[in-house]
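Here is the structure we will look at.
The values are calculated or read from the model by the stated rules, or taken from the named source; none is laboratory data. Note that the coordinates shown come from a computational prediction; the quantities given were computed from them, not determined experimentally. A quick note on method: Cβ atoms are made from the backbone with ideal geometry, for glycine too, and the neighbour counts reach across all protein chains shown. These accessible areas exclude ligands, DNA and RNA; they are computed on the full protein's heavy atoms, side chains included. Shrake-Rupley method; radii C 1.70, N 1.55, O 1.52, S 1.80 Å.
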Amino acid sequence: MASHDYDAACWLFEDEPVEVSVARQALVYPELADLGDLDNALVTIRFARGGLAVTHVSRTSPFGHDIRCEVVGTEGSVFVRGPGDGALEVIDRTDAIRFPADYRARFKDAYVAELTAFARACRGEGLAGPTLEDDRKAVAIGIAARASAVAGGRPLEVGTDWPWP
């Protein structure tokens with residue numbers, strides 16, 4: 001879960017992730033806790049130059065697949081929102097029609113573009129988009145994030161091959 005969030009954070013910061021901590025819960029699907037999994041979590045990523053990224057990971061949004069991003073800088077903030085996200089401050093089940101039901105609907109066009117780029121690369125027509133190094137960072141964050149969640153939220157180093165119980 002959240003590999004694209006991790007990739008986007010690395011891209012926005014143009015920096016190396018160094019530490020991850022996770023606060024998780026399995027309240028909607030309590031059986032996930034025994035499997036070392038979650039239904040909701042807050043993931044904090046610390047970067048080498050001091051930047052911090054926080055992402056909310058959820059399998060249980062009652063209104064659909066909502067994606068928002070805020071980049072806070074020294075001079076102000078930029079809000080990035082997906083189609084249909086509008087300017088509402090409160091979002092609940094009644095807003096479900098504005099959001100795709102799940103990630104498949106939300107990212108349909110992106111999946112087509114990814115497959116097209118993959119086919120072009122296979123034909124030797126050049127690479128476009130993220131590199132293997134970008135993928136490595138996102139996977140390394142994900143491994144450390146899961147290990148942190150299982151370890152009760154303890155901050156862990158990114159890049160270490162943490163056990164996968």
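For this structure, a couple of remarks:
- Solvent-accessible area, 1.4 Å probe, carbon plus sulfur percent, for the chain: 58 percent
- Taking 12, 115 and ordering them by how much accessible surface each has at a 1.4 Å probe, largest first, produces 115, 12.
- Of the DSSP H helices in the chain, those whose Cα atoms cover at least 24 Å axially and whose Kyte score averages 1.6 or more: none
- Nonlocal amide H pairs with residue 159, under 5 Å, H built at 1.01 Å: 144
- Dividing the convex hull volume of the alpha carbon atoms of the chain by its residue count gives 147 Å³ per residue.
- Amide H partners (placed H, <5 Å) of residue 153, local residues excluded: 22
- Surface accessible to a 1.4 Å probe, residue 46 within the full protein complex, Å²: 100 Å²
- Per-residue SASA entry for residue 71, accessible area with 1.4 Å probe, Å² rounded to 10: 60 Å²
- Whole-Hz couplings from phi, Karplus 6.51/-1.76/1.60, listed for region 22-31; x for Gly and Pro: 9, 9, 10, 8, 9, 8, 7, 10, x, 5
- Max mean-square fluctuation residue, GNM over the chain, Cα-Cα springs under 10 Å, options 110, 33, 144: 110
- Charge tally around residue 16: other residues with Cβ under 12 Å, Lys/Arg +1 each, Asp/Glu -1 each, net -2.
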